[in-house]
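Beneath this line is the structure, given in structure tokens, with notes to follow.
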Amino acid sequence: MEKISRNDCRVFLAAFMEKNNLPIKKVSKAITCSTATLNRVVGGKTLASDEMLRQTAIMVELGFESYSKLSKAEKKKISEMLGIVGGGTIGIGGVTAAVSALGFAGLSAAGVTSGLAALGALIGGGMVAGLSVVAAIPIGAAVLGYGVIKAVKATLESHKSGEEKYDPFWELPLEAASENAA
């Protein structure tokens, strides 16, 4: 997972919520956007704004529990460090650098090494096997994301949750995708 784009932000959000068993209301509260806005973004009715991309990347990087404990000022500070979202995508490497520079995560070399070793132990190996596990994660996330998006779309359509006013701070109209491509 090197980049999150406007078009696949909804997949990352849906997969993240599914993996962590998080209701959309809880995630929208942590991000500080309305539930209807998040429903529209995840449901593919609108696209993620630059701020939604940044907050999604930060939440995925930190994990929900750590992210939800950040103050609004801390979220804003990390977001400002990430700067402008170029071409409708945000690189996860930049998020990791910003988060670690502010001291929000234990991303030391020893922490990364022990994390890879722990992942490798899941398949009977060491740190090198852990690298293989990490490399397989985006593929698994894409497969999982497809199923999650189908389920989320069905849920959203049954609840008709897109009726609240559109919020340009968090979401963009679908036409923005063609404007960004031009």
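Values in this text are rule-based calculations from the coordinates and carry no lab data. Note that the coordinates shown come from a computational prediction; the quantities given were computed from them, not determined experimentally. Cβ: placed from backbone, ideal geometry, glycine included. Neighbour counts: every protein chain shown.
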Residue span Glu80 to Lys26: 0.36 nm per residue of separation minus Cα-Cα distance leaves a gain in nm of 17.1 nm
How high is the FRET efficiency between Leu174 and Lys69 when r is their beta carbon distance and R₀ equals 35 Å, given to the nearest 0.05?
0.55
Ranked output for segments 26-35, 61-70, 11-20, 45-54 by mean other Cβ atoms within 10 Å, highest leading, reads 45-54, 11-20, 26-35, 61-70
Under a 5 Å amide H to amide H cut-off, with H placed in plane at 1.01 Å, what residues pair with Ser49 once short-range neighbours are removed?
Glu171, Leu172
